[in-house]
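Visitor: Here it is: the structure, laid out below.
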Amino acid sequence: MDHHQRLMICHGLLVIFVAMLAGFMLMYNLVGGIEVWPGVFVEIPMYGTEAGWVRAHSGGIMNGLLVVVVALALPKLNLGDTLRRWMVWGLIYVAWSFTVFYWFGNASSNRGLSLGTSALGPPDVVGWIAFIPGLPSVILVPILLVLGAKGVLGNKPTA
């Protein structure tokens, strides 16, 4: 396993770890806190919505898995050094920027889906923190996935 694969797997697992923390946030949001003894709850002030925490949990897991899967497939992708680095660092950036989007968007007045007022509400600084890093990822991820697919098709079968 080479350096790029180890790097991607490490980041993918860390993104999944943060997504698992979002699972705890979901649970605390649903029950209103943490149960320290059967039927005895300690309230935990919680921001966000149930749906937002579901997205942070499941979306984060999927993004982390994407990075790990591509890392494992990396030796099979016929990519030059430059495209390989773009694939590695691009997907790491995408996974973390979407993680930031899920967590901060859940605290935003408009879910971090726009810089201006939208049907969801007015913008706020928290929403900008969610939106701005994620915007390049929305463009970057399809490009990287197509490059990866082309890299697979570009491989010549060996005897």
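Visitor: Pick out the one residue from Ala56, Ala71 that is surrounded by 15 or more Cβ atoms within 10 Å (Cβ to Cβ), part of a helix (DSSP H, G or I), in contact (Cβ under 8 Å) with a residue 60 or more places away in the chain and at negative phi.
Guide: On the way: Ala56 fails: in contact (Cβ under 8 Å) with a residue 60 or more places away in the chain.
Selected residue: Ala71, the only one of Ala56, Ala71 that is surrounded by 15 or more Cβ atoms within 10 Å (Cβ to Cβ), part of a helix (DSSP H, G or I), in contact (Cβ under 8 Å) with a residue 60 or more places away in the chain and at negative phi.
Visitor: Hey, can you tell me all the residues within region 97-118 that are among the small types (Gly, Ala, Ser), closer than 20 Å to Leu21 by Cβ, part of a loop (DSSP other than H, G, I, E, B) and open to solvent by less than 30 Å² (accessible area, probe 1.4 Å)?
Guide: Filtering region 97-118 for residues among the small types (Gly, Ala, Ser) gives 97, 105, 107-109, 112, 114, 116, 118.
Then keep just the ones that are closer than 20 Å to Leu21 by Cβ; that gives 97, 105, 107-108, 112.
Now restrict to residues that are part of a loop (DSSP other than H, G, I, E, B): 107-108, 112.
The answer is Ser108, Gly112.
Visitor: Moving to a separate point now. What's the number of the condition Val88 fails, among (1) open to solvent by 20 Å² or more (accessible area, probe 1.4 Å); (2) within 18 Å of Leu145 (Cβ to Cβ); (3) assigned to a helix (DSSP H, G or I)?
Guide: Just one mismatch for Val88, condition (1).
Visitor: Right, here's the next one. Got at least one residue in region 27-42 being in contact with a Gly (Cβ under 8 Å, 6 or more places away or on another chain), of a type in the set (Val, Ile, Thr) and open to solvent by 50 Å² or more (accessible area, probe 1.4 Å)? Talk me through it step by step, then tell me what you get.
Guide: We begin by selecting, within region 27-42, every residue in contact with a Gly (Cβ under 8 Å, 6 or more places away or on another chain); these are 29, 41-42.
Still in the running and of a type in the set (Val, Ile, Thr): 42.
Filter once more, so that each one left must be open to solvent by 50 Å² or more (accessible area, probe 1.4 Å): 42.
Checked region 27-42: at least one residue is in contact with a Gly (Cβ under 8 Å, 6 or more places away or on another chain), of a type in the set (Val, Ile, Thr) and open to solvent by 50 Å² or more (accessible area, probe 1.4 Å).
The values are calculated or read from the model by the stated rules, or taken from the named source; none is laboratory data. Note that the structure is predicted; figures quoted are calculated from it, not measured. Cβ coordinates were reconstructed from backbone atoms using ideal geometry, including for glycine residues, and neighbour counts include every protein chain displayed. Side chains included, ligands, DNA and RNA excluded: accessible areas come from the protein's heavy atoms. Shrake-Rupley method; radii C 1.70, N 1.55, O 1.52, S 1.80 Å.
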